[in-house]
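Chemist: Got a structure here, written out as structure tokens. Questions coming.
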Amino acid sequence: MIGISGEILHNITLAADLIKKSQRTVTMTGAGISTPSGIPDFRSPNVGLWTRFEPMEVASLTAFRHNPEQFYQWLHPLAVQMYAAQPNPAHQALAKLQNAGYISVIITQNIDGLHTKAGSQDVLEVHGSLDTMTCTNCYHQYPAENYIEEYISHCATPFCQECGSILKPDVILYNEQLPVKTWVKAEAACKQCDLIMVVGTSLEVMPSAGLPIHALENGAHLIIINNTVTFLDVRAELMIHENVADILPRIADEVLNA
Ligand SMILES: [Zn+2]
């Protein structure tokens with residue numbers, strides 16, 4: 001909170017004005033909204049999760065099929081952090097805006113479930129979620145909560161209660177197709193909105209990073225709130241390069257209390 005400049009305060013007011021004027025606002029979030037909750041960006045090379053394993057060798061669909069135990073060992077520290085994590089003020093601000101009718105759809109690249117924990121509805125998780133698991137043989141789906149305690153405490157590999165095959169968490173791995181129904185909804189939401197607010201993503205992971213382009217092509221305004229630059233900054237009406245957990249609550253306050 002310390003050191004927010006007059007220019008940023010001005011941009012916060014402009015962002016709030018755009019949200020109030022818009023008929024359909026879509027918000028798209030990425031890893032940066034969950035780092036204040038203690039969840040590392042697991043695609044980032046600096047967080048240590050990649051130091052023991054090469055990502056394509058453990059976190060791809062091919063690798064999972066070949067060696068699921070190694071995948072579950074790799075995922076373990078990340079899963080421990082995600083299940084313990086709590087929503088931060090940025091998630092809470094978006095939930096407040098959505099529940100007050102100012103955001104129609106939240107699209108997230110995150111698999112941590114923190115938008116839902118914060119009280120948001122109908123979150124489109126384009127990279128899947130850790131909340132459910134599916135049998136690799138009979139496709140029976142299970143709530144992950146049936147398996148979490150055993151996995152967190154003993155790193156136990158989960159097996160299907162119907163057929164005994166290994167379960168795969170419903171998160172999208174490298175070289176795995178995105179969830180079709182969710183993806184179609186996300187594209188449609190972007191095409192129909194008149195404002196898209198991109199939060200906590202550097203827009204580096206395709207094809208999700210291309211979603212705001214659908215909105216721009218249909219004349220929507222673009223707001224980007226992220227601590228680093230993105231390839232769409234040049235097309236944004238407004239950019240705020242700051243910590244999202246500092247900025248979003250201020251925007252929500254201006255929208256809801258003005
Ligand atoms: Zn099965």
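The values are calculated or read from the model by the stated rules, or taken from the named source; none is laboratory data. These figures come from a predicted structure and were not determined experimentally. Every residue, glycine among them, receives a Cβ derived from its backbone with ideal geometry; neighbour counts consider all protein chains shown. We work out accessible area using only protein heavy atoms, side chains counted, and drop any ligands, DNA or RNA first. Shrake-Rupley method; radii C 1.70, N 1.55, O 1.52, S 1.80 Å.
Chemist: Which of (1) surrounded by fewer than 17 Cβ atoms within 10 Å (Cβ to Cβ); (2) under 19 Å from Ile39 (Cα atoms); (3) at pLDDT below 95 does Lys117 not meet, given it meets every other one?
Modeler: For Lys117, the failing item is (3).
Chemist: How about the range 122-132: which of its residues are farther than 12 Å from Pro179 by Cβ and at pLDDT below 95?
Modeler: Scanning the range 122-132 gives Asp122, Leu130, Asp131.
Every residue, every condition in (1) open to solvent by less than 60 Å² (accessible area, probe 1.4 Å); (2) free of Cβ contacts under 8 Å to residues at least 60 places away in the same chain; (3) more than 15 Å from Thr13 (Cα to Cα); (4) polar (S, T, N, Q), yes or no:
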| residue | (1), (2), (3), (4) |
| --- | --- |
| Ser202 | yes, no, yes, yes |
| Ala209 | yes, yes, yes, no |
| Ala215 | yes, no, yes, no |
| Ile240 | yes, no, no, no |
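Chemist: When both residues are 6+ apart or on different chains and their Cβ atoms are under 8 Å apart, which pairs have a first residue that lies in the range 135-149 and is without any contact (Cβ under 8 Å) to a residue 40 or more places away in the chain and under 23 Å from Tyr83 (Cα atoms), and a second that is within 9 Å of the ligand (Cβ to nearest atom) and among the polar types (S, T, N, Q)?
Modeler: The qualifying pairs are Cys135/Ser165; His140/Thr134; His140/Gln161; Gln141/Thr134; Tyr142/Thr134; Tyr142/Gln161.
Chemist: Condition first: out of contact with any Pro (no Cβ under 7 Å at 6 or more places or on another chain) and surrounded by 15 or more Cβ atoms within 10 Å (Cβ to Cβ). Now tell me which residues in the range 135-147 satisfy that.
Modeler: Hits for the range 135-147 are Cys135, Thr136, Tyr142.
Chemist: Same structure again: Read through the list (1) modelled with pLDDT of 95 or more; (2) aliphatic (A, V, I, L, M); (3) within 13 Å of the chain's Cα centre (by Cα), then give the number of the only condition that Ile111 fails.
Modeler: Single failed check for Ile111: (1).
Chemist: Counting only residues that are closer than 30 Å to Leu248 by Cβ and within 16 Å of the ligand (Cβ to nearest atom), give me the strands (runs of 3 or more DSSP E) lying completely in the range 115-184 with at least 2 of them.
Modeler: Fully inside the range 115-184 and qualifying: 167-171.
Chemist: With open to solvent by 30 Å² or more (accessible area, probe 1.4 Å) and within 30 Å of Pro143 (Cβ to Cβ) as the only criterion, which of Pro179, Pro158 stands out?
Modeler: Pro179
Chemist: Pro89 is checked against (1) in contact with a strand residue (DSSP E or B) (Cβ under 9 Å, 6 or more places away or on another chain); (2) over 21 Å from Pro169 (Cβ atoms) and fails just one. What number does that condition carry?
Modeler: Failed condition: (1).
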